[in-house]
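Q: One structure is given below, represented as structure tokens, and several questions about it will come after.
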Amino acid sequence: MEQTLSIIKPDGVSRCLIGEVIKRLEQDGIRIAAMKMLKMNKAQAQGFYAVHRDKPFFDSLTDFMSSGPIVVMVLEGDNVIEKNRTLMGATNYEEAAEGTIRRDFATDIEKNIVHGSDSRQTAEFEIGYFFNRFEFAV
Ligand code: UDP
Ligand code: MG
């Protein structure tokens, strides 16, 4: 059993896509083990995306990620890191496969609706960034 962090980004929340994203996850057999809505400030977004601090898109990305509420979820299931990344589609929605969340809804390489951890090591850091052990329903 594996866990991963999923985020519905500010564009997904403001465009009323929370239900759509969760429906796709659940229909794929993924279990939501923890979930909440919050708004990051700039420093919190910079900490979350610290791995990208030297990238040219870092300042714009952290402005965007702190621009409005997000939904953060811990997803659970066999191979869930890869399963979630498959449902999300490629970072650049123009290159994302048909039927993926980003292909269907993203408007921009930055405003691409969802985040998903890309490895077990990243998932552990990202889950710990938002959740403590008392926030898991089961
Ligand atoms: N991003 C961007 N420009 C780029 C690459 C990425 O604005 O050229 C943003 C985009 O929102 C992406 C996030 O930065 O989801 C993190 O980038 P990463 O390469 O980790 O993509 P992801 O893992 O989200 O597919
Ligand atoms: Mg990434």
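Rule-based calculations on the coordinates, nothing more; no lab input. All of these numbers come straight from a predicted model, not from anything done at the bench. Heads up, the Cβs are rebuilt from the backbone with ideal geometry, glycines too, and the neighbour counts pull from every protein chain shown.
Q: Taking the Cα centre of the stretch 55-111 as origin, work out the dipole magnitude from +1 charges on Lys and Arg Cβ and -1 charges on Asp and Glu Cβ, in debye rounded to 20.
A: The dipole magnitude comes to about 60 debye.
Q: When 1/r is averaged over all different Cα pairs and the result inverted, which Kirkwood radius in Å belongs to the chain?
A: Averaging 1/r across every pair of different Cα atoms and inverting gives 15.0 Å.
Q: Number of Lys-Lys pairs in the chain under 22 Å by Cα, sequence gap 8 or more or different chains?
A: Pairs that pass both the separation and distance tests number 17.
Q: What net charge do the residues around Asp11 carry, taking every other residue with its C-beta under 10 Å from that of Asp11, with Lys and Arg at +1 and Asp and Glu at -1? Before the final figure, lay out the partial values.
A: On the way: positive: Lys9, Arg15, Lys111; negative: Asp108, Glu110.
My count for the surroundings of Asp11 gives +1.
Q: Quick one: dipole size for the chain, taken about the Cα centre, charges +1 on Lys/Arg Cβ and -1 on Asp/Glu Cβ, in debye to the nearest 20.
A: Numbers: 17 positive and 21 negative charges, 80 e Å.
Result for the chain is approximately 380 debye, rounded to the nearest 20.
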